[in-house]
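Any read-out appearing in this document is the output of simple, stated calculations on the displayed coordinates, not a laboratory observation. All values reported here derive from a predicted model rather than from experimental measurement. All Cβ positions, glycine included, derive from the backbone under ideal geometry; neighbour counts span all protein chains shown.
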Amino acid sequence: MRIRDCTDADWRSVWPIVRDVVTAADTFVYDPAWPAEVAREVWLERPPGRTSVAVDHDGAVLGTAKMGANKPGPGSHVATASFMVAAAARGRGVGRALCEDALAWARRQDFAAMQFNAVVETNVAAVALYRRLGFTVVGTVPQAFAHPRAGLVGLHVMHRFLGPSTVREDGLMSAEPIELAAALARFDQLWSPRIVTTVNDYDVRIAKVAGEHVWHSHDHTDEFFLVLDGELRIALRDGTDGGQREVTLPRGAVFVVPRGVPHRPYAPDGASILMFEPSGTSSVGDRHDAVPGHVDATTGHRL
């Protein structure tokens, strides 16, 4: 899954999500009778606002978000955002990823805080998610929402301060938590690691990967892999006879390639990974085969 800006061509996939959420009439203060053209005008933000989509590996739209200033003029330093997830994609972390991405966007735009103006109190999954992401309920308007089954229920106003960006301009250690899903959503390049923070003299790098890397080895350091999403495979030549074997790392698995061992990571179906290695370590090691065009030979890019 990745998150990108919504395009005009995406609307035909976004509209069914918006239509289903709005006509359910249990989470949004939108009119269920809105036709597509009115919903499009409301949901597709004009710059400097933004509308985003979460898409699967095959490009299918899983969810969408809109974000911008909460109010004009004296209120324009506070952001707001709204999120919708396709029914078939719920429970897969799409809403969280969209919210984390919106928070990262708001920080980049130098907003001081983010505020949700009308969170239906019976939408317990959303309320719990927002609390986990640092929001608090600062007030509840009683009986302000006519729920189709629960009757008149309250609308929460939820708020959180944003603080400084999670990633400094120099790409080094941040004073704020770093949301990895949002960090991954900020780039698309494959086999091109981004430095999200540092620990002493080590980089914490993330990368999106698909297909094959290159056979390589690091003479002076081990290499740590953590699979954040998808599945990573690593071919190894670590036998005394030069034989080759393979390890498979599902989501959540870790593996360390010892220094000096030739290895080739690959991900037939794509994956997102985190690596931990000394600052300045080349992504293609000290010894390697010819580097193909789709592999970035780098010591890590600033996020």
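What to note about this one:
- Comparing GLY49, THR27, VAL38 along the charge dipole axis of the stretch 1-62, the residue lying farthest to the positive side is GLY49, per the Cβ-charge model.
- Helical contribution to [θ] at 222 nm, DSSP H n ≥ 4, -39,500 (n - 2.57), averaged over the chain, rounded to 500: -5000 deg cm²/dmol
- Using a Förster distance of 22 Å, the FRET efficiency for VAL157-ASP26 (Cβ separation, nearest 0.05): 0.75
- Sites THR136 and ARG259, calculated FRET efficiency, Cβ-Cβ separation with R0 45 Å, nearest 0.05: 0.45
- Packing-based ranking, highest mean first, of 57-70, 127-140 given that Cβ atoms within 10 Å are counted: 57-70, 127-140
- Spherically averaged projected area of the convex hull of Cα atoms, the chain: 17.4 nm².
- Relative contact order (%) - criterion: Cα under 8 Å, at least six apart; region: the chain: 13 percent
- Expressed in Å, the radius of gyration and Dmax of the Cα atoms of the stretch 171-292 are 14.1, 48.
- According to the Cα-based calculation, Rg over Rh for the stretch 1-139 is 0.93, with Rh computed by the Kirkwood formula.
- Taking label positions 7 Å along the Cα-Cβ direction at both GLU41 and ARG251, the computed distance is 4.0 nm, reported to one decimal.
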